[in-house]
Amino acid sequence: MKLLIDQTLSPKLAGRLADLFPGSAHVMTLGMDSSSDDELWEFARNNGFAIVSKDEDYNSLSVLRGHPPKVLWLLIRNFKTSQVEALLRSRSADISAFEADVSVGTLALA
């Protein structure tokens with residue numbers, strides 16, 4: 001799964017998770033840090049990314065529009081980058097199962 005990491009998360013995550021999620025990118029490195037949620041949604045959909053965000057709006061878009069893209073919704077606040085990385089690594093099996101499940105558009109991680 002290729003991750004599009006939202007602007008509220010560290011740009012370092014894409015590189016730190018490259019072994020599990022190759023091809024991942026942060027919106028800032030793509031020059032999209034001031035793009036709207038709709039623009040990011042379309043970019044992710046058209047380019048095979050799953051969106052990683054703490055923003056509830058992407059879950060709402062998933063409910064309204066369906067998927068792709070899939071959404072990894074982080075139900076955490078004020079976590080250090082290392083803690084976000086650890087969460088995604090510890091849940092990698094769940095994320096792989098989520099990727100394969102065509103019936104689900106959002107995976108909430110806490």
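A compact table of results
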read-out: Cubic angstrom per residue, convex hull over Cα atoms of segment 2-109; value: 89
read-out: Sequence-distant residues sharing a close amide H with residue 109 (under 5 Å, placed H); value: 73, 74, 75
read-out: Once exposed loop trypsin sites (Lys or Arg not before Pro) are cut out (DSSP; at most 14 other Cβ, 10 Å), longest piece of the chain; value: 1-76
read-out: Gain upon complete extension [residue 7, residue 76; 0.36 nm per residue less C-alpha separation]; value: 23.4 nm
read-out: Amide H within-cut-off set for residue 26, under 5 Å, with H built and near neighbours excluded; value: 5
read-out: The chain - mean residue ellipticity at 222 nm from DSSP helices (-39,500 (n - 2.57) per run, n ≥ 4, rounded to 500); value: -11500 deg cm²/dmol
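Any read-out appearing in this document is the output of simple, stated calculations on the displayed coordinates, not a laboratory observation. On a predicted model such as this, the values are computed, not experimentally measured, just so you know. Methodologically, a virtual Cβ is constructed for each residue, glycine included, from the backbone with ideal geometry; neighbour enumeration extends over all protein chains shown.
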